[in-house]
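This report refers to the structure that appears directly beneath it.
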Amino acid sequence: MPRISKKGQDMPESPIRKLVPFAENAYKQGKTVYHLNIGQPDIKTPQIALDAVKVHSLDILAYTRSEGSEGYRQKIANYYAKNDIHVKHDDIIVTTGGSEALLFAFGSITDVDDEVIIPEPFYANYNGFSTSSGVKVVPVISKIENNFALPPIEEFEKLITSKTKAILICNPGNPTGYLYSKEEIKKLAAIVKKHDLFLIADEVYREFAYDGVNHYSILQEEGLENHAIVIDSVSKRYSMCGARIGCLVSKNKEVIKTALKFAQARLSPPTLAQIASEAALETPQSYFDDVINEYVERRNVLIEELNNIEGVQVANPKGAFYCIAQLPIKNSDAFAQWLLESFDVDGETVMVAPAAGFYSTPGVGLNQIRIAYVLNKESLIKSVNILKEALKVYKD
């Protein structure tokens, strides 16, 4: 038969989704599965967004502009201004999710075999995006012992070569929940200006910053106009994962001009989803206040319960809704599968994401899992108790 491409063979499986068949089998056995594996919030989508789709007056579901409708982009720019981020509507390209925005960014600034430095652990799909773009991920390891803080700048300097085109961060971070400080952003800004690199920031969790600490965007940093590229999305902010609307934002006109050619090749982002996303921008601040309070309470419950399990080490997240937990096991892939196939407490079990898939360095993160605290507090307590009981009997 014809051969599959090497690129296709090299594409990594999602550590988040590859265990789905085992969860489905657990359901067939009558088990309840608590999903700690995926960042699908249980928070309700703002009604204003849902209503906008229900009551639209379109006669034809037509293409929009490749960069997204001008009205929507102007409202996105207004949203950023409220967050002390000052961009124009023509600095924005609307994309089919944040995923497409990152693919457009890679396509616009990298060639095959170029390198992008990423602090790890990082969002697992960065591995897939880089593979599909022919780009090499160069990891710089952050460690659970210091809560996954930004590695020393010297570690970045060691990795920069003639092939390096960008540094990519997720702020706040998936899977760690780490929130980069203003000082850390300034350190990254200095290094990309020194070496004439791009700084890409995935800021889709911007609203989810806790403990009185404010999010600082790379677009707020003066002098970074030609270096900064932001990836954004409505998925988590408004609990609209299924809308598949994101955007790429940059004040670098050449980046936007180039990314637009990729946008034109896929014609346009989805029209109805843009209508919903534009309406979502009118969501009142009270919605976010309630959501953030809820996530802080969930985080506190989760971290407290995990810290009560002997042998478990957990980083305390300052943003997003994820944490990394290190378990007294050898291989979390095997453990996660065993939980679904062979273990339950009164007919209930949990699904977690093995953390090795959030690293690109072989052999790192094998004894770690990512937990998404997107369930209510009662379910989180039950889930951690299941993990506690499982660890008592699990044998590697």
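Working note: Karplus 6.51/-1.76/1.60 with θ = phi - 60° gives the range 72-78 the couplings 5, 5, 5, 6, 5, 4, 5 Hz, where Gly and Pro are set to x.
Between GLU304 and ASP396, the distance separating the two model label sites (each 7 Å from Cα on the Cα→Cβ line) works out to 3.2 nm.
Taking Lys and Arg as +1 and Asp and Glu as -1, the other residues whose beta-carbon sits under 11 Å from that of GLY246 total -1. By its C-alpha gyration tensor, with a ≥ b ≥ c as the square roots of the eigenvalues, how is the range 239-371 shaped: rounded for a/c under 1.5, else prolate for a/b larger than b/c, else oblate? Here the range 239-371 falls in the prolate category.
About its Cα centre, the dipole of the chain is roughly 740 debye, where the only charges are +1 on Lys and Arg Cβ and -1 on Asp and Glu Cβ. Each helix, a run of at least 4 DSSP H residues, gives -39500 (n - 2.57); summed and divided by the residues of the chain, these come to -12000 deg cm²/dmol at 222 nm. Around the amide H of THR95, modelled in the peptide plane, lie the amide H atoms of GLY246, CYS247, LEU248, all under 5 Å away and 5 or more residues distant in sequence or on another chain.
The residue list SER250, ILE4, ILE275 was ranked by how far each Cα lies along the charge dipole of the chain toward its positive end, using unit charges on Cβ atoms, and ILE4 comes out on top. Each of [x] 18.8; [y] 19.9; [z] 21.0 is a candidate for mean projected area of the Cα convex hull in nm²; the one calculated from this structure is [z].
Surface composition of the chain: carbon plus sulfur atoms hold 50% of the accessible area, using a 1.4 angstrom probe and ignoring ligands, DNA and RNA. Helix 377-393 against the longest principal axis of the chain: what's the angle in degrees, Cα atoms only, rounded to the nearest 10? Tilt relative to the chain: about 50 degrees. The charge dipole of the range 8-131, taken about its Cα centre with unit charges on the Cβ of Lys, Arg, Asp and Glu (plus for the first two, minus for the last two), comes to roughly 820 debye. Residue-wise HN-Hα couplings along the range 147-160, as the Karplus relation 6.51 cos²θ - 1.76 cosθ + 1.60 with θ = phi - 60° gives them from phi, are 6, 6, 5, 4, x, x, 4, 4, 5, 5, 4, 4, 9, 6 Hz; Gly and Pro carry x.
Note on the range 80-199: dipole from Cβ charges, positive end direction compared against VAL137, LEU102, PRO152; the farthest Cα belongs to PRO152.
About its Cα centre, the dipole of the range 301-396 is roughly 320 debye, where the only charges are +1 on Lys and Arg Cβ and -1 on Asp and Glu Cβ. Nearest 0.05, what FRET efficiency do VAL20 and GLN220 give at R0 = 41 Å with Cβ-Cβ as r? Efficiency for this residue pair is about 0.60. When the square roots of the Cα gyration tensor eigenvalues are ordered a ≥ b ≥ c, the ratio a/c for the range 1-145 is 1.5 or more and a/b does not exceed b/c, which makes its shape oblate.
Counting only alpha carbon atoms, the long axis of helix 285-307 and the longest principal axis of the chain meet at about 30°. Sparse packing (at most 13 other Cβ atoms within 10 Å of the Cβ) combined with a DSSP loop state is found for the following trypsin sites (Lys or Arg not before Pro) in the range 140-209: LYS143.
Classified by the C-alpha gyration tensor, the range 116-198 has an oblate form. Its axis ratio a/c, with a ≥ b ≥ c, is 1.5 or above, and a/b does not exceed b/c. Taking the charge dipole of the range 302-361 about its Cα centre, with +1 at Lys and Arg Cβ atoms and -1 at Asp and Glu Cβ atoms, the residue from ILE309, PHE343, ALA320 reaching farthest to the positive side is ALA320. Of all DSSP-defined beta bridges confined to the chain, some 45% are antiparallel rather than parallel. For SER360, neighbours were defined as the other residues whose beta-carbon sits under 13 Å from its Cβ, and their charges (Lys and Arg +1, Asp and Glu -1) total -2. Per residue, the accessible area of the chain comes to 44 Å² when a 1.4 Å probe rolls over the protein heavy atoms.
Estimated from the Cβ-Cβ distance and a Förster radius of 41 angstrom, the FRET efficiency linking GLU13 and ALA81 is about 0.50.
Couplings for the range 326-342, taken from phi via the Karplus curve 6.51 cos²θ - 1.76 cosθ + 1.60 with θ = phi - 60°, read 9, 10, x, 9, 9, 9, 6, 4, 5, 5, 5, 5, 4, 4, 7, 8, 10 Hz in order; Gly and Pro are left as x. Counting Lys and Arg as +1 and Asp and Glu as -1 over every other residue whose Cβ lies under 11 Å from the Cβ of THR96, the net charge comes to +1. Evaluated over the Cα positions of the range 293-352, the convex hull gives a direction-averaged projected area, one quarter of its surface, of 4.9 nm².
Taking amide H as placed 1.01 Å from N in the peptide plane, the amide H of ASN376 sits under 5 Å from none that are at least 5 places away or on another chain.
With the simple model of a label 7 Å out from the Cα in the direction of the Cβ, MET1 to ALA62 spans 4.4 nm.
The values are calculated or read from the model by the stated rules, or taken from the named source; none is laboratory data. Predicted model only: the values in this text are computed from it and were never measured. Glycine also receives a Cβ, built like all others from the backbone with ideal geometry; neighbour counts cover every protein chain displayed. With ligands, DNA and RNA removed, areas are computed over all heavy atoms of the protein, side chains included. Shrake-Rupley method; radii C 1.70, N 1.55, O 1.52, S 1.80 Å.
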